[in-house]
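The values are calculated or read from the model by the stated rules, or taken from the named source; none is laboratory data. As the structure is a computational prediction, the values presented were derived from the model and not from experiment. Cβ placement follows ideal geometry from the backbone for every residue including glycine, while neighbour counts extend to all protein chains displayed. What goes into the accessible areas is simple: the full protein's heavy atoms, side chains included, and nothing from ligands, DNA or RNA. Shrake-Rupley method; radii C 1.70, N 1.55, O 1.52, S 1.80 Å.
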Amino acid sequence: MSRKRFVIFLFSLAILAIFNAFSLWSVYLLFADGNFGLMVTMIVLTLLIDIIALNPKGYPYRYMIPAMILLFILTLYPMYYTFRTAFTNYGTGHLFTRQQSIQKLLSDYFYIPESPEEFEFSIFIELDDYKPTDRFITLLKSKETGALFAALRPQPVTKDAEGNITLATAKMVQVSADSFSTGGVSYTLSLSPDDKILAIRATSGERFIYFYSPQDDSTRPNAPFYFSEIRGIWLRNAEFTDSEGNQVRLFPNSLYTTFATTERKYALRTETTFDAGRAVQETVVYNRQTNRTLVEEGGFFYDIDENGNEFAVEGYISDVGFWNFVRMFRDPNISGPFFQVFGWTFTWAGLSVLFSFTIGLALAITLNDKRLKGKKIYRTLLIIPWAIPAFISALVWRNGFFNETYGVLNRFIVQGLFGLEPIKWLNDAFWAKVSVLLVNTWLGFPYMMTVSLGALQSIPEEFYEASSIDGATKFQRFRKITFPLLMVTVAPLLVGSFAFNFNNFTGIYLVTQGGPAIVGASTPAGATDILISYTFKLAFEGRGQDFGFASAISILIFIIVAGFSWINFKLSGSFEEVSR
């Protein structure tokens, strides 16, 4: 082996080692997070790349490694994840794993005991160019003992989807001799001659001045900043913990003008049950305030109120088997709208292909006439709808043509020309369907015209000359020669166009957003929704997100489109050479 090749080999080996180290680290993180699907994907992908890179016979496949990575990460794993999600109840109310939901029960829920210890409090903030900031220290004074405690700004623990803090924690440190220490920094209270605390100085240089206290009327001018920036963001869900482990929160019974000790509402305990005569111990969640065990059923933890009624507290992701698929047929509030959407999807795709192909073919036959002058100008003008981005055309049709009040169709034609009542293009189920078909036909006929024009020009002129000698009419020549030979080329494209329109999300969503809504539907189904837009609305819109049901519909869409693709391959003979 030459020196140059040896250096290249060492360099390749180093890159492979770095990749394997990154993969092992990723696998560890995914395992710790419980994401086993992506973990297995990473392991298989890493093993395949190692085999290809280290095995001399795998040399030709090394150039496929980037494509293989994209295939696994962007295609195979999303397919697995969608399939896995379709058999769960993942959605609103079921966004966390069971372990995460138990952790939320143990940490996020609290209650106030009958005789809590209350604390008056004062806020001391740090200024920046004489302007208040959200860097602050809270001083708490016990009403019972008069003991003084200090707490730095709480640290966020959990946040919601919008980034709002749902839980923040901080430690309470007792103040003695007008000073306290926390986090390795010492703080000293600055007092006025009448022993009023004016500021808090830190050995690290920060200075926090007295800013607000609900018990001090002189600080009322600072109340707006306190409510918006301090309490509204940091103290609303803050939990202070003293040296004995007691939790202290803002006290709702005092209209949040004081803090009070609270207790964790839920905890774990071990209970013994008997199954087939055998004693079985299991860990359960119980309410510390009522001492009642929470009921776990259907992916929910249910608590029991004083009247004995169950109410849901926390939900978690659980396997539901084929329930999401069964719902499509058994639940009347879902099956009715679903089958409307299902039927309209086929109607929409079929009519879109029919209308655009019919108009495109008619224009192609016209442009193919040798006697027509100015063909280039006509072709250029007729290709414009295809050249303009579809979302622009869809929005122009929606706002410029279909607007009920000032749209061109209603204002100048329906009302202006015929004097009729304005048509509710987007608010009536029938006219909304007409609207989306008009727009899609407008967007689709240039493509069909171009395809048909190319196919027409490939038909030999000798066929038409022979038919003319035999006395065939123009219609007979079209029916016996033009159309059959045209379909040999165009038929696979029509099947492909049908499959495209079957999933044509843009054409529906930009014009009608799937509306108007279907009356009585328990899901966000609209009269012009097709399966893909219905799936999108199930997952990201409506009263709640139902990712499990949306994934089940996605699988159904995949099966249907895969069927059309197979038909397309058969018609076009794409794999003829391979099959031989």
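Brief remarks follow.
- Restricting attention to region 501-518, the residues that are part of a helix (DSSP H, G or I) and touching a residue at least 40 places away in the same chain (Cβ under 8 Å) add up to 5.
- Residue that is closer than 22 Å to Ser352 by Cβ, in a loop (DSSP other than H, G, I, E, B), touching a residue at least 60 places away in the same chain (Cβ under 8 Å) and not β-branched (Val, Ile, Thr), where the choices are Leu426, Leu437: Leu426
- Residue list for region 260-281, filter: part of a strand (DSSP E or B) and exposed (fewer than 10 other Cβ atoms within 10 Å of the Cβ): Thr270, Thr272, Phe274, Asp275, Arg278, Ala279, Gln281
- Conditions (1) of a type outside the set (Phe, Trp, Tyr); (2) open to solvent by 40 Å² or more (accessible area, probe 1.4 Å); (3) within 29 Å of the chain's Cα centre (by Cα); (4) at pLDDT 95 or above; number of the one not met by Ala432: (2)
- When residues of region 226-259 are limited to those that are in a helix (DSSP H, G or I) and surrounded by 19 or more Cβ atoms within 10 Å (Cβ to Cβ), the one nearest to the chain's Cα centre (by Cα): Trp234
- Residues (without any contact (Cβ under 8 Å) to a residue 40 or more places away in the chain and under 17 Å from Gly343 (Cβ atoms)) located in region 533-552: Ser533, Thr535
- Residue among Leu453, Leu531, Leu510 that alone is closer than 24 Å to Thr358 by Cα, touching a helix residue (DSSP H, G or I) at 6+ places or on another chain (Cβ under 6 Å), modelled with pLDDT of 90 or more and not charged (D, E, K, R): Leu453
- Filter pass, Thr347 being part of a helix (DSSP H, G or I), over 22 Å from Ile560 (Cα atoms) and among the polar types (S, T, N, Q): no
- Checking Phe31 against (1) at pLDDT below 85; (2) within 30 Å of Ala539 (Cα to Cα); (3) open to solvent by 60 Å² or more (accessible area, probe 1.4 Å), the condition it does not meet: (1)
- Only listed residue being within 21 Å of Gln545 (Cα to Cα) and either touching a residue at least 60 places away in the same chain (Cβ under 8 Å) or surrounded by fewer than 18 Cβ atoms within 10 Å (Cβ to Cβ) (or both), chosen from Val396, Val295, Val320, Val353: Val320
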